Amino acid sequence: MFALENKITPSVWTIAAHDGIWVNQHLMKDCGLVPYMFHKVYGFRPAMLGRSIGEYRYLEQMPEMRMEFLSVKAEEYHDESIRFLQHHYNEMDLIVLHGPYQHYSLFLSEYKKLRPDGKVYMALDMNSFWADRIICTDPWFIKLLDECDVIATSCRKIQDLLNRKWSRWTIRHIPNGFYNITGQPLSVSPELKENILLTVGRIGTEQKATHLLMEAFAIAHTELKDWRLHLVGSISEDFHPYIHQYFQRFPELREKVSFMGMIEDKAELYAEYAKSKVFVLTSFYEGGAPNVVAEALFHGCYTVTSDIDAAEEITNSGRCGRVFPLGDARALANILMKICPNAALFSDTFPKTLEYAHLRFDWEKNIRYLHRLLFEEYSQPI
């Protein structure tokens, strides 16, 4: 096995895409969790290469993570990342890339020249719209994917689509999972649940379509008299006028709708999941199931999602949640009015949700599968 053949502990590096920026939140997404879980499970030395912005508070709970920041402008990042590679390739036993971007092509070509024995994992943060736009016959694209040892998406539907469209390669399925970084046992119990609808994300962005949840709650609230809506995350600047107008239209909801802000403390965030009965995702698109879904499922939340690519996975084909049509606030409201008064529904689905979460969205289990794909001759899908 690769990890045992090397006298020096192998290292795994995740390489930033686009302008090279890492933010604190990336540490708790697959960008940071893939290398970190290789460390936790197999002892690899985890590292991230990119550019710095802001503080990285999660490093306090991930002290083994090495972050290499290149002090260059965005337009200089890719050339400088290759220069860094040329000086540090001996340390880079496994490379993790995020998305089939052309700027990765030169980096990976240089890596394979310097480290023909090195391994490459390509994680596809992809939705069906993006997949349909990619010209997979471009020479740079073919070369990029040919040089990857494992290519995976976090969504079964996208996996099936790409295995048909990109028949040259085998696309694997590795979900965006959950890892409890707090080190404390999760407080997960039906008795902790309150009548709370929860959403977590970038509030008010076009992609997340938060207004749909707020409009649905306004439609349904007379039927949900003892329910509250909690919205966790930073608020887009251009969403503030909508919020102001919303409370002008529905002043009676000022006490029932709460904007909780960004919660970076994971223990505090997990407490929000723990007390919420329903998690709602209203996005117009996602690259698979976002990591907030795994967090919600691990806390037994019944999940209502828009009909994004991963909707069936998120709800376990309706066993742990419901799906509404993209952009349809009325349909979402109708679902909320049906499920929220149904105490028996939550009692029945709570244990099923936890079982499903541990089966499909456990990062330790998923990283073991990825390790088998990369370093063992035979593997079975999870």
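The values are calculated or read from the model by the stated rules, or taken from the named source; none is laboratory data. This structure is a prediction, so every number in the text was calculated from the model and none was measured. Note that we place each Cβ from the backbone using ideal geometry, even for glycine, and neighbour counts take in every protein chain shown.
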Checklist entry - Can you tell which of A220, A209, A216 is more than 26 Å from the chain's Cα centre (by Cα), closer than 27 Å to A310 by Cα and either modelled with pLDDT of 95 or more or not β-branched (V, I, T) (or both)? => result A220
Item to check | Some residue of the stretch 223-235 being more than 22 Å from the chain's Cα centre (by Cα), assigned to a helix (DSSP H, G or I) and of a type in the set (A, V, I, L, M, F, W, C) | outcome: no
Checklist outcome for this item: Here the qualifying pairs (Cβ atoms under 6 Å; residues six or more apart or on different chains; first in the stretch 335-361 and modelled with pLDDT of 95 or more; second charged (D, E, K, R) and not in a helix (DSSP H, G or I)) come out as I335/R322; M337/E223; F346/K277; K352/R319
Checklist entry - Residues in the stretch 35-45 that are closer than 15 Å to A123 by Cβ and in contact with a helix residue (DSSP H, G or I) (Cβ under 7 Å, 6 or more places away or on another chain): how many? => result 2
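Determine whether H78 is of a type outside the set (S, T, N, Q), more than 22 Å from P290 (Cα to Cα) and in contact with a His (Cβ under 7 Å, 6 or more places away or on another chain). Break it down stepwise before answering.
Values: of a type outside the set (S, T, N, Q): yes; more than 22 Å from P290 (Cα to Cα): yes; in contact with a His (Cβ under 7 Å, 6 or more places away or on another chain): yes.
Criteria met by H78.
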Next on the checklist: If I142 satisfies all but one of (1) of a type in the set (A, V, I, L, M); (2) within 21 Å of Q86 (Cβ to Cβ); (3) more than 22 Å from the chain's Cα centre (by Cα), what's the number of the condition it fails?
Outcome noted: (2)
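Within the stretch 99-125, work out how many residues are touching a Ser or Thr at 6+ places or on another chain (Cβ under 8 Å) and at pLDDT 95 or above. Steps first, please.
Here is the first cut: in the stretch 99-125, the ones touching a Ser or Thr at 6+ places or on another chain (Cβ under 8 Å) are 107, 123-125.
Checking which are at pLDDT 95 or above leaves us with 107, 123.
Qualifying residue count, the stretch 99-125: 2.
Please work out if R168 is modelled with pLDDT of 95 or more and closer than 16 Å to E313 by Cβ. Break it down stepwise before answering.
On the way: modelled with pLDDT of 95 or more: yes; closer than 16 Å to E313 by Cβ: no.
Spelling it out, it is not the case that R168 is modelled with pLDDT of 95 or more and closer than 16 Å to E313 by Cβ.
Could you identify the single residue in E64, E55 that is touching a helix residue (DSSP H, G or I) at 6+ places or on another chain (Cβ under 6 Å) and part of a loop (DSSP other than H, G, I, E, B)? Can you show your working first?
Values: E55 fails: touching a helix residue (DSSP H, G or I) at 6+ places or on another chain (Cβ under 6 Å).
E64 is the lone residue from the list that is touching a helix residue (DSSP H, G or I) at 6+ places or on another chain (Cβ under 6 Å) and part of a loop (DSSP other than H, G, I, E, B).
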Next on the checklist: Looking only at the stretch 105-128, how many residues end up being surrounded by fewer than 17 Cβ atoms within 10 Å (Cβ to Cβ) and within 15 Å of W166 (Cα to Cα)?
Outcome noted: 1
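Per-residue answers, yes or no, for (1) touching a His at 6+ places or on another chain (Cβ under 9 Å); (2) crowded, with 19+ Cβ neighbours inside 10 Å; (3) farther than 16 Å from W13 by Cα; (4) of a type in the set (V, I, T):
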| site | (1), (2), (3), (4) |
| --- | --- |
| D30 | yes, yes, no, no |
| F38 | yes, yes, no, no |
| P46 | yes, yes, no, no |
| F69 | no, no, no, no |
| A74 | yes, no, yes, no |
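Here's the yes/no breakdown for (1) touching a residue at least 24 places away in the same chain (Cβ under 8 Å); (2) buried (at least 23 other Cβ atoms within 10 Å of the Cβ); (3) under 26 Å from N127 (Cα atoms); (4) of a type in the set (F, W, Y):
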{"site": "E191", "(1), (2), (3), (4)": "no, no, no, no"}
{"site": "E215", "(1), (2), (3), (4)": "yes, no, yes, no"}
{"site": "A218", "(1), (2), (3), (4)": "yes, no, no, no"}
{"site": "W227", "(1), (2), (3), (4)": "yes, no, no, yes"}
Checklist outcome for this item: Restricted to the stretch 193-213 and to residues being charged (D, E, K, R) and crowded, with 18+ Cβ neighbours inside 10 Å, the residue farthest from L297 (Cα to Cα) is K208
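Kindly provide the set of residues from the stretch 135-151 that are over 21 Å from I174 (Cα atoms) and of a type outside the set (K, R), ordered by number. Don't jump to the end; show me each part of the working.
Initial filter on the stretch 135-151 (over 21 Å from I174 (Cα atoms)): 135-143.
I135, C136, T137, D138, P139, W140, F141, I142, listed by residue number.
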